[in-house]
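What follows is one structure encoded as structure tokens, with my remarks underneath.
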Amino acid sequence: MTYIEKIKNFSDKNIRVLDKVRVITKKEEGFDGVLIPNSEEDGLVLKLSNGYNRFVEFKNVKKIELISRGEKIASIPSIKITRKKGLPNVVLIATGGTIGTHVDYKTGGVFMCRTPEQIIATVPRISKVVNIVRMLSPFTIASEDITPEQWQEIAGMVAREVNKKSVDSVIVTVGTDTMHYLSAALSFSLQKLSKPVAVVGAQRSPDRGSFDGSMNLLCAAHYCKSKIAEVATIMHGSSEDDYCLAIRGTKVRKMHSSRRDAFRPINDLPLAKIWPNGRIEILNQRYTRRSDSKTILKTGFSKVGLIKVFPGSNPEIMDWYIKKGYKGIIIEGTGLGHVPTGESSDKTKSFDKKLSWLPWVKKAVKKGVVVAITTQTIYGRVNPYVYRNLRLLNRAGAVFCEDMHPETALVKLAWLLANHEPSQAKELIKKNFAGEISEATINKAFLY
Amino acid sequence: MNYEKLGFKCGLEIHAQLDTNKLFCSCPSMLRKEDPDFRVERKLRAVVGETGKKDVATKLEEVKDKLFVYEGYDDTTCLVEMDSEPPHMMSREALMVSVQVARLLNMNILKKVLVMRKTVVDGSNTSGFQRTALVAEDGFVDTSLGRVRVNMLSLEEDAARKIKEEKDKIFYRIDRLGIPLIELRTEPDIKNPFHAVETAKKLGTTLWMTNHVKRGLGSIRQDVNVSIKGGTRVEIKGVQDLKLMPKIIENEVLRQKNIILISKELRKKSSPKLLKKDFKNVSKIFEKSKSFLKGKNVLGVCLKGFKGFISREILPNRRIGTEIADIAKMVGLKGVLHSDELPAYKVSAREVNGVNKALSCGKSDAFIIAAGEIGKCYQTLELGVDRLKQFFKGVPKDVRAARPDGTTAFLRPMPGSARMYPETDLPIVEISDELLRVERVETPEQKFDKFVNMGLGEELASQVINSRKLKDFEQLLVTYKKIKPTELAKMFFGAKTELKKKGITKLTIKNFSELFGLINEGVLSKDSYVEALTMLSKGRSRKVVEKKFGVMSEDELEKLVKKVLKKHGSASFGALMGLVRGEARGRADGKMVFKMIQQLKK
């Protein structure tokens, strides 16, 4: 039974959410308030005149009287846009997540903004920086529910838009949890990208005064005006509301579950610092500049698994992936890329041979599955030579992913395998496509 | 004043800090004096309210466009206060105290508690809202003038405390942010200003009975709601000093009476329609001025028919003009000048005439001018004219701030009733049966009777109940059962005055525990408590004190009595008592001395 059906049990009037009602309990107490939606099964929620919500258990309710009909749920505020000449034209692709939502203050319900007018209502200042000419929304989902098929869909959309002459750049809004997977997927899919593509989200909800998304969006608009033609995430650079960091899509990672400045560059410097007033400071000189070249869409993602080894981990898990037809496996090794082998010394006799990953890596490679090594330290580069165990792993046919962090390696391998033969993919994973591999590891890039 | 005839209505909102950990994280509820370990600068964005429009109150705050600097500590604040981590589950301890208070006030405790977000835009909450939850409703407290209904108890988080304000920057310390507050709201059942004080005191004492409500300045804060017939409900915030409460309420009654009067006259002379927001830049007039206006942007507006009204007093030393000046200060200007007070402040008559001309002011008109940053001048005049328009309708619906002189200043318009919406980061909190099994606490009356029955006497009993050391005292009572409660109370509450005479002001609960331990064990006579406590407070050990003041053994006392008898054998019994006790210096109990002399004199 739905909430409203349960409510209707107590009244002959056709009571709706947001109607003003009087709930009379079996003890003959009366509560006046506005009926609010509620997800708990056993009761209803009233918004009292003092502003508080009050829970009333269904089992205590005798009847519900209608006092007056309520208003409709407040519509999403929107601001009329006037396009200004001389400002860059930006297309906004909204995919879900905290940013670009509106909280209905009566019900607490969350609604997606559907039009540029609604989005801009949350950041009025953006219309002084860019013209948002269009808003596309292929789907609306929380980022943890996004699949590689949807990366592909977004990539297709971005490619179509950036190849239009009338469009100067694209902003993609997305939930933050898997934002860095998407930014990597876009980075690989959009080859010869000639315009800035900003990927933006929010760590705090838009109902509150401390919403971070409006500054992120504003800085993203400034990024759209910049000369950097790369996919970059634009999120808070510090816990303060001072500036955002533009971080290369393949080098960025969400490094905190809740802070505003959760997005950090891994083994790389941010591309730029962007202040809400429009100031841009380039931090990384090695970036791709805007050009007139046509962006080529090369996308698609194959099934690739991601496994983390740990002391005592059972390598048989690899067999599951092999049997399920995965074309690639990324291993998050320890330190420089180690997996347990039991062969580090003659004295490791106590090591249970079944725990060695080497036979399973060999088996996978033999079956044509690409096995690629990254590190669970997240920062730093893997190395196939320093220790004997690494060499054994290397000899077993695993390929080492340089300074790519595990999720970028995952997206890259999935992308390579969708577009190349496994033998080629195995070679190409070590080749740089979108700034994902830096030849030199810069000192300042650690814990930036 | 006949308050009944005036249609006086008054209710209280009381906020009391709990001394549990914070409401939505496990940080201690501790205010710090040291310099903060870190500072974080943030901005707040004005959010569109429930009606789809920005709240009036929000709008006014927004014009400030301030930067907020939050100061915190590495060891006693965490990411929750910083709005960088979602809230943790609501503190069980705070809920338990709420249940205890609700019972003392005969309230209905709700089964399920829904946490709400209340929009706050002054920056005192890092999130931009304050979390609050209704826990109990429909209670009452009995007073000398009848029952005052307490219609709600809510549990909410305290705001950050303001440290200082600089140009466009407000500094807040987040040590206070998140401390649990119990808010009690009464119905307007209060009959007069002194009744308000009685009710506030009664509620305060009731809260203290839980032993988990903080004491001391700022830990309980009162807001007062006042209205009279023909006036309107005005909320006065931050009445900290109960002694000032009657004066503040009397002043508010007076203010409303005055405004009702002024409003009537105003309607004869002008109308809101005549108040045009026709602002003119009059800077030129002051180019060569000797006043502080020289070289500044000066913006003016003519107020049709307002001559004489701006300087009308609504309270001693507070005029209509002062209310506009309050707005100017909020916007960030020093104040405003108006025609009723000019020429003055080195503004010449010629300059005044100039302004009159420039603004086309007639004989019965007035003007206000604002000087400084042009944007701020606009905002001040804009909001100022809006405010003046309100006076036509009568008493504006204000939230006002109590001032130390017993007057109040305009703070912001009364917010719309519903600036609250559900906190989506937290599930519904269940008040479980287990939680309801929390120990019941005694009402102040019960406690009073208990102490009187112990023999404390009514005066001492009420002193104990109102003392911030009540909790310590009750603990001592349980620990040192061999000491009579009256004596324990006299020593515990009398020590401060006694030791002050000796120049000692610092006494710790440990000093008292040691003292009462010695007396309880019979090694120390209560007669020498002042001397013993003096030594203990100076850091001497229990042993040293025992040696010096410990009760004499029977042998020792016998020796002393014999010595005195030998010397003064012929003296009267009373004199002998005095001599022995003098020599014993408090180390001998009176009764024992009496017995010994009686025995040996034979």
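The values are calculated or read from the model by the stated rules, or taken from the named source; none is laboratory data. Everything numeric in this text was worked out from a predicted model, so none of it was measured. All Cβ positions, even for glycine, are placed from backbone atoms using ideal geometry, and neighbour counts span all protein chains on display.
Brief remarks on what is shown
- Of the residues contained in the range B:271-281, one or more are found to be in contact with a Phe, Trp or Tyr (Cβ under 8 Å, 6 or more places away or on another chain) and in a helix (DSSP H, G or I).
- Within the range A:70-97, the residues that satisfy the criterion of being away from chain B (no Cβ under 11 Å) and under 27 Å from the mean Cα position of the chain (by Cα) are A:PRO88, A:ASN89, A:VAL90, A:VAL91, A:LEU92, A:ILE93, A:ALA94, A:THR95, A:GLY96, A:GLY97.
- Every condition in (1) at the interface with chain A (Cβ under 10 Å from one of its Cβ atoms); (2) in contact with a helix residue (DSSP H, G or I) (Cβ under 7 Å, 6 or more places away or on another chain) holds for B:GLU85 except the one numbered (2).
- The residues of the range A:13-23 that are surrounded by fewer than 18 Cβ atoms within 10 Å (Cβ to Cβ) and closer than 13 Å to A:LYS62 by Cα amount to a single one, A:ARG22.
- Members of the range B:489-531 found to be among the small types (Gly, Ala, Ser), part of a helix (DSSP H, G or I) and closer than 24 Å to B:ARG468 by Cα, listed by number: B:ALA489, B:GLY494, B:ALA495, B:SER513, B:GLY517
- Of all the residues in the range B:173-199, those that are of a type outside the set (Lys, Arg), buried (at least 22 other Cβ atoms within 10 Å of the Cβ) and not in a helix (DSSP H, G or I) number 11.
- Residue within the range A:148-162 that is within 23 Å of A:ARG260 (Cβ to Cβ), in the same structural domain as A:CYS244 (by TED's automatic domain parsing), in contact (Cβ under 8 Å) with a residue 12 or more places away in the chain and touching a Ser or Thr at 6+ places or on another chain (Cβ under 9 Å) present: no
- Complete set of residues in the range A:110-136 that are in a loop (DSSP other than H, G, I, E, B), surrounded by fewer than 17 Cβ atoms within 10 Å (Cβ to Cβ) and within 19 Å of the chain's Cα centre (by Cα): none
- Scan of the range B:120-148 for residues that are in contact with a helix residue (DSSP H, G or I) (Cβ under 7 Å, 6 or more places away or on another chain), more than 7 Å from every other protein chain (Cβ to nearest Cβ) and farther than 26 Å from B:PRO444 by Cβ, ordered by number: B:ASP122
- Apart from one condition, B:MET414 fits all of (1) within 14 Å of another protein chain (Cβ to nearest Cβ); (2) closer than 29 Å to B:SER91 by Cβ; the exception is (2).
- Some residue of the range A:296-305 being of a type in the set (Lys, Arg) and loosely packed, with under 14 Cβ neighbours inside 10 Å: no
- Selection from the range B:88-110 of residues that are within 14 Å of chain A (Cβ to nearest Cβ) and farther than 18 Å from B:GLU156 by Cβ: B:ASN108
- Total residues in the range A:37-47, condition within 21 Å of B:ARG419 (Cα to Cα) and facing another protein chain (nearest Cβ under 8 Å): 2
- Residues (crowded, with 24+ Cβ neighbours inside 10 Å and within 21 Å of the chain's Cα centre (by Cα)) located in the range A:381-415: A:MET404, A:HIS405, A:THR408, A:ALA409, A:LEU410, A:VAL411, A:LYS412, A:LEU413, A:ALA414, A:TRP415
- Inside the range A:23-56, residues that are assigned to a loop (DSSP other than H, G, I, E, B), closer than 29 Å to B:THR186 by Cβ and within 43 Å of the chain's Cα centre (by Cα) make up a count of 5.
- Of all residues making up the range A:206-229, the number that are touching a residue at least 12 places away in the same chain (Cβ under 8 Å) and out of contact with any helix residue (DSSP H, G or I) (no Cβ under 8 Å at 6 or more places or on another chain): 14
- Failed condition for B:GLU198, given (1) more than 14 Å from chain A (Cβ to nearest Cβ); (2) touching a residue at least 60 places away in the same chain (Cβ under 8 Å); (3) of a type in the set (Asp, Glu); (4) more than 17 Å from B:LYS237 (Cβ to Cβ): (2)
- Inside the range B:445-469, residues that are of a type in the set (Lys, Arg), out of contact with any Asp or Glu (no Cβ under 8 Å at 6 or more places or on another chain) and in a helix (DSSP H, G or I) make up a count of 1.
- Some residue of the range A:57-69 being facing chain B (nearest Cβ under 10 Å), modelled with pLDDT of 75 or more and not in a strand (DSSP E or B): yes
- Verdict on A:ASN284 being without any contact (Cβ under 8 Å) to a residue 40 or more places away in the chain and either over 26 Å from A:ALA398 (Cα atoms) or assigned to a loop (DSSP other than H, G, I, E, B) (or both): yes
- Any hit, the range A:308-319, residues being in the same structural domain as A:LYS251 (by TED's automatic domain parsing) and in a strand (DSSP E or B): no
- Scanning the range B:204-219 for residues being outside any loop (DSSP other than H, G, I, E, B) and among the polar types (S, T, N, Q) gives a total of 2.
- Residues (over 32 Å from the mean Cα position of the chain (by Cα) and either acidic (Asp, Glu) or surrounded by fewer than 16 Cβ atoms within 10 Å (Cβ to Cβ) (or both)) located in the range A:363-380: A:LYS366, A:LYS367
- Residue among A:GLY278, A:GLY342 that is surrounded by fewer than 16 Cβ atoms within 10 Å (Cβ to Cβ) and either in a loop (DSSP other than H, G, I, E, B) or of a type outside the set (S, T, N, Q) (or both): A:GLY278
- Residue in the range A:437-446 that is surrounded by the most Cβ atoms within 10 Å (Cβ to Cβ), counting only those that are in contact (Cβ under 8 Å) with a residue 24 or more places away in the chain and farther than 13 Å from A:ARG286 by Cβ: A:THR441
- Residues (surrounded by 16 or more Cβ atoms within 10 Å (Cβ to Cβ) and closer than 26 Å to A:THR25 by Cβ) located in the range A:66-88: A:LEU66, A:GLY70
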